1. Run the accessible area of the chain with a 1.4 Å probe and give the carbon-and-sulfur part as a rounded percent.
2. Using θ = phi - 60° and the Karplus curve 6.51 cos²θ - 1.76 cosθ + 1.60, what whole-Hz ³J(HN,Hα) does each residue of the range 43-56 get, with Gly and Pro shown as x?
3. Give the aspartates and glutamates reachable from Lys132 as a straight Cα distance under 18 Å; neighbours fewer than 8 places away on the same chain don't count.
4. In whole Hz and in residue order, list the ³J(HN,Hα) couplings for the range 126-137 that follow from phi through the Karplus curve 6.51 cos²θ - 1.76 cosθ + 1.60, θ = phi - 60°; x for Gly and Pro.
5. Express in % the proportion of alpha carbon pairs of the range 25-180 at distances exceeding 24 Å.
6. Could you tell me the calculated FRET efficiency between Ala28 and Asp62, based on Cβ-Cβ distance and R0 = 35 angstrom, to the nearest 0.05?
7. Which order do the peptides 143-153, 12-22 come out in when sorted by mean C-beta neighbours inside 10 angstrom, highest first?
8. Please work out the average accessible area per residue across the chain, using the 1.4 Å probe convention, and give it in Å².
Amino acid sequence: MANERLDPLITRVQIERRVQELAKEINAAVPTEGLILIGILKGSLHFLADLSRQLPPSCEIDFLQVSSYRGHKSSTGVVQIRKDLDISIEGRNVLIVEDIIDTGITLTHVLEFLSTRRPNSVRVVAMLSKCKAKGVDVAIDFVGFEIPDEFVVGYGLDFGERYRGLPDISILRDSVPASS
Ligand code: PRP
């Protein structure tokens, strides 16, 4: 931890404003009555909490826990479902709530997994996306911020389970250790 440095990328004020805008975009484009918000744990925790409070109270909330990073800085490529949904999404309109789309591997897997449950529609909102920076081609309906291809923490995003509670989003860099 001594060799880790946090460089600010997106402030809590920018996040707050963007969440409000996203909620307006979603309200305008999606029939929100009876919509099921599916937060992908654990990273979406803060975003889901903030976004859901800007959407109609009739929206239901459930969680799917998927993990592919397991404490590493890059995806292992192996996606595990660690917690299934509690409620049936058959015939329902669903909004997947993600903190970040990086390689798109997790989202692709989640979309495949949810399609087997026969929802009426599935849309995706991601607070952060590296798709443009990395040339990743996955369908995301609503994006908070397109960010550069850097490892980011805060606002739910972790490194080895640390930093999730930071209210701002920062780039995690290795700092050069002081010479002795
Ligand atoms: C992170 C993040 C996304 C996924 C995105 O989850 O929350 O779900 O990685 O990466 P990808 O586009 O390269 O698949 P992670 O597996 O780190 O679990 P966590 O949310 O519990 O930290």
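1. Values: 4600 of 9160 Å².
Exposed carbon and sulfur together represent 50 percent of the surface.
2. x, 7, 3, 6, 5, 4, 4, 6, 5, 4, 6, 9, 10, x
3. Glu98, Asp99, Asp102, Asp141, Glu146, Asp149, Glu150
4. For the range 126-137, the Karplus-derived couplings read 10, 5, 10, 9, 9, 4, 5, 4, 9, x, 7, 10 Hz, x marking Gly and Pro.
5. On the way: 3849 of 12090 pairs.
Summing the P(r) of the range 25-180 above 24 Å gives 32 percent of all pairs.
6. Values: r = 24 Å, r/R0 = 0.67.
Computed FRET efficiency for Ala28 and Asp62: 0.90.
7. On the way: 143-153: 17.1, 12-22: 14.9.
Descending mean neighbour count gives 143-153, 12-22.
8. Details: 9160 Å² over 180 residues.
Heavy-atom accessible area per residue stands at 51 Å².
The values are calculated or read from the model by the stated rules, or taken from the named source; none is laboratory data. These numbers were taken from a predicted model, which means no experiment stands behind them. We place every Cβ from the backbone using ideal geometry, glycine too, and count neighbours over all the protein chains shown. Calculation scope for accessible area: heavy atoms of the full protein, side chains included, ligands and nucleic acids excluded. Shrake-Rupley method; radii C 1.70, N 1.55, O 1.52, S 1.80 Å.
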